[in-house]
Amino acid sequence: DGGITQSPKYLFRKEGQNVTLSCEQNLNHDAMYWYRQDPGQGLRLIYYSQIVNDFQKGDIAEGYSVSREKKESFPLTVTSAQKNPTAFYLCASRQGAIAEAFFGQGTRLTVV
Amino acid sequence: DQQVKQNSPSLSVQEGRISILNCDYTNSMFDYFLWYKKYPAEGPTFLISISSIKDKNEDGRFTVFLNKSAKHLSLHIVPSQPGDSAVYFCAATSRSNDYKLSFGAGTTVTVRA
């Protein structure tokens, strides 16, 4: 059945290492988003993509990078330049003029 | 600058009673408002939404009210059930902003038996 799959669910990274979080959707949605959640805070937008081969920075893009080579895939790389990468990362997708975005189950990234 | 605010971090309600969650926004360009429900270590699930051209939308036990002049919306859950215990996020967006969602900080609802 259709949905958004994020993997892995838990990820541990050593300081100074880059790590890539996977997000795949089979909803045939054009738009995809990456959000970050920290304790006691709402979700904050990292990057988003409205169409294949195009993406835009969100509110907190520093230290992150993305690619959108396929419609169904929108991987997020957390680079060593991200000063505080430990957080819960959420991927979402949306279609057309429908405002509702659908979310994956999230990836918990911990820097050790 | 937080454009969507949920000023109550937590709410405790007895089973069967009404839960009222509040949300305020500052950006008058927002034209669509959504509520999401989230359990720990899971992604948010869409609950209910309202367009800025309406002042009320109802779906089963959930009703959202929008007061545009006050830039305020609320979510009513009645009757509250134990499974409603979760974090609820208010979000706002606009077509002119690529439908990017701006979220409040969330309200943790606990339904007591």
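Against the empirical 2.2 N^0.38 Å scaling, what ratio does the C-alpha Rg of chain A come to?
On the way: Rg = 13.2 Å, N = 112, 2.2 N^0.38 = 13.2 Å.
Normalised Cα radius of gyration, chain A: 1.00.
In what order do A:Ile46, A:Ile98 fall by count of nearby beta-carbon atoms within 10 Å, going from fewest to most? Write out the running numbers ahead of the final one.
Values: A:Ile46 26, A:Ile98 13.
Least crowded to most crowded, the residues run A:Ile98, A:Ile46.
Considering only DSSP states other than H, G, I, E and B, which GluC sites (Glu not before Pro) in the range B:12-113 qualify as loop sites with at most 13 other Cβ atoms within 10 Å?
Details: sites: B:Glu15, B:Glu42, B:Glu58; in loops: B:Glu15, B:Glu42.
Sparse-neighbourhood loop GluC sites (Glu not before Pro): B:Glu15.
To make sure I understand, if each residue's beta carbon is the centre and we count other beta carbons within 10 Å, what order do A:Tyr33, A:Tyr10 fall in, fewest to most? Don't skip to the answer; put the middle values down first.
Details: A:Tyr33 26, A:Tyr10 10.
Fewest-to-most Cβ neighbours within 10 Å comes out as A:Tyr10, A:Tyr33.
Around A:Ile51, with a cut-off of 9 angstrom between Cβ atoms, what is the net charge of the other residues, counting Lys and Arg +1 and Asp and Glu -1?
Working: positive: A:Arg68, A:Lys71; negative: A:Asp30, A:Asp54.
After counting each charged neighbour, the total is 0.
Taken together, the values in this text are just the output of simple stated rules run on the coordinates, not laboratory data. Nothing here was measured: the structure is a model prediction, and the numbers come from that model. When we count neighbours, we look across all protein chains shown, and the Cβ atoms used for this are built from the backbone with ideal geometry, even at glycine.
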